[in-house]
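The values are calculated or read from the model by the stated rules, or taken from the named source; none is laboratory data. Just so it is clear, the model here is predicted, and its values are computed rather than measured. Virtual Cβ from ideal backbone geometry, glycine too; neighbours counted across all protein chains shown.
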């Protein structure tokens, strides 16, 4: 009779976070090269450096003097980059409280805490209470790509509202992936649409005569 081998004890699998905490960096402007912390939250999708650089090459010097509204703050990278390039202040909305805290701490470490207001909450609720900016704004709408499928109607309503309340000469930037059809954007023919795979960037400057 064959001897039974003792059962093997399988090592328990340890779930690792999708992303390890790391440092991101400001690419250009007065803070260019300075780092800030990314906590590794797998729910975030930080814009790749090459895409962020391309975006701000498109925006160019028009960031100067504008106020930033970052609707899906994530790591805060877009707001930090804009301030580094001359924006006067930023309001950042981030739904995850740990990430909102991270953005606040990063603003402090960069020495711009007095210019960055972080609001922890749901953008789809918060934007309805936003007052029209008093000066031209730089508005970033970079939600999770799945929102363009799962919350398509709400996301389009958000973009439309921001275009309506933005003062003339404001810039509105929308980041999506290829699943979103830019022809659905309000005043679609006026948007400059570029692909930086997998990202699709649409940029709109509100004209002086716009109502």
Kindly evaluate residue 43 against the criterion of being at pLDDT below 95, in a loop (DSSP other than H, G, I, E, B) and touching a helix residue (DSSP H, G or I) at 6+ places or on another chain (Cβ under 9 Å). yes
Note on residue 20: of the conditions (1) under 23 Å from residue 102 (Cα atoms); (2) at pLDDT 80 or above, unmet is (2)
With 140, 147 as the choices, which residue is at pLDDT 95 or above, over 21 Å from residue 56 (Cβ atoms) and surrounded by 16 or more Cβ atoms within 10 Å (Cβ to Cβ)? 147
Within the stretch 95-119, count every residue that is free of Cβ contacts under 8 Å to residues at least 60 places away in the same chain and touching a strand residue (DSSP E or B) at 6+ places or on another chain (Cβ under 6 Å). 10
Could you go through the stretch 56-78 and let me know if any residue there is out of contact with any helix residue (DSSP H, G or I) (no Cβ under 9 Å at 6 or more places or on another chain), at pLDDT below 95 and farther than 25 Å from residue 204 by Cβ. no
From 181, 177, 192, grab the single residue that is within 25 Å of residue 24 (Cβ to Cβ) and surrounded by fewer than 20 Cβ atoms within 10 Å (Cβ to Cβ). 177
Here is a list of conditions, (1) in contact (Cβ under 8 Å) with a residue 40 or more places away in the chain; (2) under 26 Å from residue 151 (Cα atoms); (3) touching a helix residue (DSSP H, G or I) at 6+ places or on another chain (Cβ under 9 Å), and residue 81 meets all of them except one; can you say which number that is? (2)
Among the residues of the stretch 49-95, the number that are over 12 Å from the mean Cα position of the chain (by Cα), part of a helix (DSSP H, G or I) and within 18 Å of residue 134 (Cβ to Cβ) is 3
